[in-house]
Amino acid sequence: MEIFFEWIGYIASFIILVSLLMRSIKRLRVINLVGATLFAIYGYLIGAYPVLIMNAGIVLINIYYLVTMLKSEEYFEILRVKHYNNYLTAFLRHHKKALSQTFGNIHVQEGDQIVFILRNMFPAGLFIARPEGDRLHILVDYAVEAYRDFKTSAHIYKHAHDIFTDRPYKAFVTDVAKHPVHARYLRKMGFEPCAVEDGRCTRSF
């Protein structure tokens with residue numbers, strides 16, 4: 001039985017260690033909550049009440065901040081920029097490695113629809129699409145790591161009719177995902193399975 005208790009402690013320690021690797025504050029608190037809960041149970045089982053009390057306190061703190069995050073109303077705004085915008089150039093350069101892994105080499109040009117998604121006035125995401133008749137071909141749909149909870153990009157798709165008003169677009173189209181995580185993301189965003197003939201996925205406006 002003592003070995004079983006020890007394993008609870010090891011697992012709790014590992015989970016808390018993993019939580020500290022998270023860049024998303026929300027994800028950090030969720031994982032840390034699980035680890036602290038296990039540590040509190042571990043403290044109770046071995047009679048280490050200081051461990052129990054401290055981790056019970058951490059559990060309550062995590063719950064408080066998670067509830068606060070869920071209740072807080074976030075402010076979203078779309079900021080349009082041109083292809084020669086200096087901040088866009090700096091953003092692409094700073095996130096070049098992460099962008100290239102998912103979207104390959106990015107070459108923006110005149111006529112591209114380029115918008116930053118501001119989340120509480122922080123540039124949380126970048127969306128670049130190229131008009132192709134009545135469709136928008138997505139070149140970049142990127143959220144910075146701390147804001148990858150689907151809300152950032154979902155704002156684009158939810159308000160597409162209000163954002164892209166220069167012509168009556170009917171659908172978004174995107175190339176086959178190069179990364180499995182991005183493939184799952186496309187499915188969650190409502191894109192249909194990619195067509196075999198042209199290797200593209202579509203989503204209606």
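FYI, it's all coordinate maths here, none of it is from the lab. Every value quoted in this text rests on a predicted model; they were computed, and no experiment measured them. Please note: Cβ atoms are built from the backbone with ideal geometry, for glycine as well, and neighbour counts cover all protein chains shown.
The candidate values were [x] 26, 23, 17; [y] 58, 29, 10; [z] 43, 18, 15; the one computed from these coordinates for semi-axes √(5λ) of the Cα gyration tensor in Å carries the label [z]. Working note: Cα gyration tensor of the range 119-205, eigenvalues times five, square-rooted, sorted largest first, giving semi-axes of 20, 18, 10 Å.
Report the charge-dipole magnitude of the range 76-204 in Debye, nearest 20, computed about the Cα centre from +1 at each Lys and Arg Cβ and -1 at each Asp and Glu Cβ. Walk me through the numbers before you get to the answer.
Numbers: 19 positive and 14 negative charges, 76 e Å.
It comes to approximately 360 debye.
Considering only Phe116, His83, Thr202, the residue lying farthest towards the positive end of the dipole of the chain is His83, judged by Cα position with unit charges set on Cβ. Across the cross-link table entries Lys26/Lys158; Lys96/Lys158; Lys97/Lys170; Lys26/Lys188, which are compared at the Cα atoms, the separations over 30 Å belong to Lys97/Lys170.
Using the Cβ-Cβ distance between Ala171 and Tyr65 with R0 = 35 Å, the FRET efficiency computed as 1/(1 + (r/R0)^6) comes to roughly 0.35. For the range 109-133, list residues with backbone N below 18 Å from a point placed 7 Å from the Cα of Arg93 toward its Cβ? Only 109 pass the distance filter.
What shape does the range 86-147 have by the C-alpha gyration tensor, where a ≥ b ≥ c are the square roots of the eigenvalues, rounded means a/c under 1.5, and otherwise prolate means a/b greater than b/c and oblate the rest? Here the range 86-147 falls in the prolate category.
Extension gain Ile163-Arg23, at 0.36 nm per residue separation less the Cα-Cα distance, in nm?
Values: separation 140, 0.36 × 140 = 50.40 nm, distance 2.93 nm.
47.5 nm is the gain from fully extending Ile163 to Arg23.
Derived from the Cα gyration tensor, the three semi-axes of the equivalent ellipsoid of the range 2-71 are 23, 14, 7 Å, largest first.
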